[in-house]
Amino acid sequence: MAGTGEKKAYYRMKTYRNIGMEEFIQKMTYHGGISRGTAISVLSQAVETLGELVGSGYSVSIEGLGTFKATIGLRRNKEMDSLDGEDPKHNAKSLSLNGVNFRADKELVKCAGSYCELERSHVSRLRKSPYTLEERLARALQFIDEHGFMRIDDYVSLTGFSRATACKELIALRRNPSNGITTQGRGPATVYVRRRIKDKE
């Protein structure tokens, strides 16, 4: 990936499925000896308190769990500031809290590790595109001009990426209006199209 020609292995744990709130509470009450109502109340209040503190500019560390800290970014359809030149700069209204970073406490990692028994699974190889980002964008725009729209699978064919990597890059390209790409539709019906001039404003 660094262009050195050296192949390295990166390890990832397979996720069987997602545990939702209801199942989490069932397991929590079964093992912890507390009532369902108490568990729901404590978790709900913890979320509310975390949101209040993190949103107010604090980082919050909970012993045995980890540290929570907010991240900010531009609102939708806003372009990133340049540190050079005399272009007008964004004010605070152009920004929003767009995520919360979490760093696990070593005790949580230790606890999770005590339940973890690893077995080797299959090897999946990363697929690197032979094209630069600029070339991939140009190929995508040309495909859209010729066909009217582009699906994720089309971008996979154009770039040589895996579907997951292609999807991530398309999301990143769409977030920057200057790339000239946006989406139409929702869910599985989402397609990528040319961004109209008024969409850039």
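Of note:
- Which numbered condition Arg151 misses (of (1) surrounded by 12 or more Cβ atoms within 10 Å (Cβ to Cβ); (2) basic (Lys, Arg); (3) within 27 Å of Ser94 (Cβ to Cβ)): (3)
- Across the stretch 129-149, the number of residues qualifying as of a type in the set (Val, Ile, Thr) and in a helix (DSSP H, G or I) comes to 1.
- Close contacts from the stretch 93-117, counting a first residue that is under 15 Å from Leu65 (Cα atoms) and a second that is at pLDDT 95 or above and in a helix (DSSP H, G or I), with Cβ to Cβ under 7 Å and a gap of 6+ residues or different chains, come to Val100/Val54.
- Looking only at the stretch 162-189, and only at residues there that are part of a loop (DSSP other than H, G, I, E, B) and over 18 Å from the mean Cα position of the chain (by Cα), the one that is modelled with the highest pLDDT: Gly180
- Subset of the stretch 30-43 that is at pLDDT 90 or above and either of a type in the set (Val, Ile, Thr) or under 19 Å from Ile62 (Cα atoms) (or both) - its residue that is surrounded by the fewest Cβ atoms within 10 Å (Cβ to Cβ): Ser41
- In the set (1) at pLDDT 90 or above; (2) assigned to a loop (DSSP other than H, G, I, E, B); (3) closer than 22 Å to Met13 by Cα, the condition left unmet by Ser121 is number (1).
- The stretch 15-41, residues that are touching a helix residue (DSSP H, G or I) at 6+ places or on another chain (Cβ under 9 Å) and part of a helix (DSSP H, G or I): Met21, Phe24, Ile25, Gln26, Met28, Thr29, Gly32, Arg36, Thr38, Ala39, Ile40
- Positions within the stretch 15-69 being touching a residue at least 24 places away in the same chain (Cβ under 8 Å) and acidic (Asp, Glu), in sequence order: Glu63
The values are calculated or read from the model by the stated rules, or taken from the named source; none is laboratory data. Fair warning: this is a prediction, and the values are worked out from it, not measured in the lab. Cβ atoms come from the backbone with ideal geometry, glycine included; neighbour counts cover every protein chain shown.
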